[in-house]
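Student: The structure that follows is given in the form of structure tokens.
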Amino acid sequence: MIQFGIMGAGNIARKFADAVRQVEGAQVAAVASKSLERAQAFAQEQHIPAGYGGYQEMLQRPDIDAVYIAIGAHTDKKLGLEGEDSANVIQCLEHGKHVLCEKSMVLHTRQAEEVFALAREKGLFLMECMWVRFLPKIQKVKEWVETGRIGKLKCAQGNLGFYAGKDL
């Protein structure tokens, strides 16, 4: 059973928790937020056993295998927390946790190089949550490009759209 911890208790974290419930062999064991009240309310709502008012305590749990970071680097930038853009990713990796990180995971190349080097060094999985790459159509196009079915690729452009409803 893969035990996930979630950093952040917002709407995208809620979607992740819902998705994990649909996967056999995985469960969310804990959620952490900068607010204990928010984390505990989220944990109760999502039927998650533990909610923490800080990330460190959750990361110290040996039973947490992987962390879903539901707060992107752009969030920290908007809050004026320059320099913390990749800090959450690094913190998880240093605690030996595999990481799935919401977009954007880092803000520039230097940060990307740093976090991927650390993940390689520790033998950990690290991925930005870019689910589009796993869609069947994307996989098929990738296959066509790799096999040369559509010729030599010189340029590609793609768009993603979906119906978001009237509430958004």
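Bear in mind that the values in this text are calculations on the coordinates, not laboratory data. Small disclaimer: the values here were computed from a predicted structure and weren't measured. No Cβ is skipped: glycine too gets one built from the backbone with ideal geometry, and neighbour counts run over all protein chains shown.
Student: Could you pull out every residue, at least 5 positions away or on a different chain, whose amide H is within less than 5 Å of the one on Y52? Hs are placed 1.01 Å off N in the peptide plane, and Pro or chain starts have none.
Tutor: Correct list: V31, A32, S33.
Student: Right, another one. Identify all lysines with a Cα-Cα distance to K166 below 25 Å; exclude those on the same chain that are fewer than 8 residues away in sequence.
Tutor: K15, K103
Student: Sorted by average packing, counted as other Cβ atoms within 10 angstrom per residue and highest first, what order do 111-118, 61-68 take?
Tutor: Ranked by mean Cβ neighbours within 10 Å, highest first: 61-68, 111-118.
Student: Which of the listed residues, G51, L135, I2, is farthest toward the dipole's positive end in the chain, when Lys, Arg count +1 and Asp, Glu count -1 at the beta-carbon?
Tutor: Of the options given, the answer is L135.
Student: Nothing charged except the Cβ atoms of Lys and Arg (+1) and of Asp and Glu (-1): what's the magnitude of the dipole of the chain about its Cα centre? Round to the nearest 20 debye.
Tutor: In debye, rounded to 20, the chain gives about 820.
Student: Treat each spin label as a single point 7 Å out from the Cα along the C-beta direction, and report the L153 to Q56 distance in nm.
Tutor: Each label point lies 7 Å from its Cα, and together they span 4.4 nm.
Student: Still on this structure, please answer the following. Treating only the Cβ atoms of Lys and Arg (+1) and Asp and Glu (-1) as charged, compute the dipole magnitude of the stretch 101-142 about its Cα centre; round to the nearest 20 debye.
Tutor: 340
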